[in-house]
Amino acid sequence: DGMVDLGTLAVKATTSVAIGLNDVGQVVGYSFTQEDYSHAFLWTKADGMIDLGYLGADAQHLSHAEDINDAGQVVGYARTDIAEHAMLWTAQDGMRDLNDLLVPGATTEVLSDAPAINKSGQIVCNTAAGRTVLLTPH
């Protein structure tokens, strides 16, 4: 198709940034909304740019998507009322805080960013304490 303009999430928005691409041609990143909030997006050839939302408690409504696997699972980060948290978005469940998906008591560290996900669903996360961890789903 040559070069394709992925657009933005809002008519008045002038900025969108693509960060991740999977083997199926889906693209993720972030764009500004009509209210000037920065939201994660998923772009597909069939549906165009889709707003992935934000984690509910954030007054600034910030979220960024950073990677997507071929199953359409998206990772990145979103601001909560306290700090930035690693997030996972799926079509089935929407955006979820990865910290809420950990086994209780597994760690005292806060997962602040999820920059990568592979085809097996393993997710690389950075913590607020400056460590890097690998999450493997059960």
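General remarks:
- Residue match in region 42-56 (condition: modelled with pLDDT under 95 and of a type in the set (S, T, N, Q)): no
- Residues in region 57-76 that are among the acidic types (Asp, Glu) and assigned to a loop (DSSP other than H, G, I, E, B) were compared, and the one that is modelled with the lowest pLDDT is Asp58.
- Residues of region 1-20 satisfying the condition of being open to solvent by 80 Å² or more (accessible area, probe 1.4 Å) and modelled with pLDDT of 90 or more: Met3, Asp5, Ile19
- Within region 77-126, tally of residues that are in a helix (DSSP H, G or I) and either open to solvent by less than 30 Å² (accessible area, probe 1.4 Å) or aliphatic (A, V, I, L, M) (or both): 2
- Scope region 56-72; condition crowded, with 20+ Cβ neighbours inside 10 Å and either under 14 Å from Leu21 (Cβ atoms) or touching a helix residue (DSSP H, G or I) at 6+ places or on another chain (Cβ under 6 Å) (or both); matching residues: Ala65, Glu66, Asp67, Ile68, Asn69
- The C-beta contact set for region 44-55 (first residue closer than 14 Å to Ser16 by Cβ and open to solvent by 80 Å² or more (accessible area, probe 1.4 Å), second residue polar (S, T, N, Q) and part of a loop (DSSP other than H, G, I, E, B), distance under 9 angstrom, 6+ apart or interchain) is empty.
- Of the residues making up region 12-20, none is among the small types (Gly, Ala, Ser), free of Cβ contacts under 8 Å to residues at least 60 places away in the same chain, on the phi > 0 side of the Ramachandran plot and in a loop (DSSP other than H, G, I, E, B).
The values are calculated or read from the model by the stated rules, or taken from the named source; none is laboratory data. As the structure is a prediction and not an experimental result, all values here were calculated from the model. Every residue, glycine as well, gets a Cβ built from its backbone with ideal geometry; the counts of neighbours run over all protein chains shown. Surface accessibility is based on the protein's heavy atoms, side chains included, excluding ligands, DNA and RNA. Shrake-Rupley method; radii C 1.70, N 1.55, O 1.52, S 1.80 Å.
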